[in-house]
Amino acid sequence: MKLAIVTTGGTIDKVYFDAKSDFKVGKPQINGILERVGVTFPFEVHELFHKDSLDITDEDRKTIVEAVAGTDATHVIVTHGTDTMVATAKALKERLGLEKTVVLVGSLTPARFRETDAEFNIGVAVGAAQALSPGVYLAMNGRIFDPESVRKNRAENRFEII
């Protein structure tokens, strides 16, 4: 299995800029995470953009869909910010249906933080991409979700079935 990874930014890739007392989306972290844990399968990373998901537009979603459709890999992970991850998953599902196994993943704290959910969520996404039937899914909080029946609960800072 060759895994394609499409990166779009989001909290998972955020870094803290001391001079501005602000967080900005930086370079993708998933390459380093997969290399550190010693994965033994081939993967390729396609960097699309470095955006907070609240800044992702419908035009950006089309770019994501085209990137996922355009890869020859049948198993794809999309790193994405959590605020609009469901909307992007629905766009992918509408266009791709059951052509590929696509798993969107993000984190609620940046991957560079000592206490982050990023590495765990990526591990869940990698396992899901290998084990699930073709379709589009979200991997968050140790669970796999159908984009048609999930939402982000901002008050609880987690994803839940609706």
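Computed from the coordinates by the stated procedures, all read-outs in this text should not be read as laboratory data. Since the structure is predicted, the reported quantities are computational estimates derived from the model, not experimental observations. All Cβ positions, glycine included, derive from the backbone under ideal geometry; neighbour counts span all protein chains shown.
Can you compute the helix-only [θ] at 222 nm over the chain? Use -39500 (n - 2.57) per DSSP H run of at least 4 residues, normalise by all residues, nearest 500 deg cm²/dmol. Walk me through the numbers before you get to the answer.
Details: 4 runs with 46 residues, N = 162.
Rounded to the nearest 500, it is -8500 deg cm²/dmol.
Taking loop as defined by DSSP and a crowding limit of 15 other beta carbons within 10 Å, which GluC sites (Glu not before Pro) in segment 91-140 fit?
Listed in order of number, the matching sites are E99, E115.
Under 5 Å between amide hydrogens, which residues at least 5 positions from V103 or on another chain qualify, with H placed 1.01 Å from N in the peptide plane?
V76, I77, V78, Y137
Once you charge only the Cβ atoms, +1 for Lys and Arg and -1 for Asp and Glu, what is the size of the charge dipole of the chain about its Cα centre, to the nearest 20 debye?
200 debye
For the chain, build the convex hull from the C-alpha positions and give me its volume per residue in Å³.
So the per-residue Cα hull volume is 109 Å³.
Consider a paramagnetic label point 7 Å from the Cα of E148 along Cα→Cβ; state which residues of segment 51-95 have an amide N under 11 Å from it.
Zone members listed by number: 94.
With both partners inside the chain, how many of the DSSP beta bridges are antiparallel, as a percent to the nearest 5? Please list the in-between numbers first.
Details: 11 of 32 bridges.
Of all bridge pairs located within the chain, approximately 35 percent are antiparallel.
Separation between the E59 and E160 pseudo-spin-labels, each 7 Å from Cα along Cα→Cβ, expressed in nm?
Placing both labels 7 Å beyond Cα along the Cβ direction yields 3.7 nm.
Please check: in the Gaussian network model of the chain (C-alpha springs, under 10 Å), which one of I12, I122, I30 has the largest mean-square fluctuation.
I30
In segment 103-152, what trypsin sites (Lys or Arg not before Pro) fall in a loop by DSSP, with at most 15 other Cβ atoms inside 10 Å?
R112, R114
Please compute the contact order of the chain in relative form: average sequence separation of alpha-carbon pairs under 8 Å and at least six residues apart, divided by the residue count, as a percent.
Once normalised by length, the contact order is 24 percent.
If I take every Cα pair under 8 Å that is 6 or more residues apart in segment 62-130, average their sequence separation and divide by the length, what percent do I get for the relative contact order? Walk me through the numbers on the way to the answer.
Working: 73 pairs, mean separation 22.8, N = 69.
Computed value for segment 62-130: 33 percent relative contact order.
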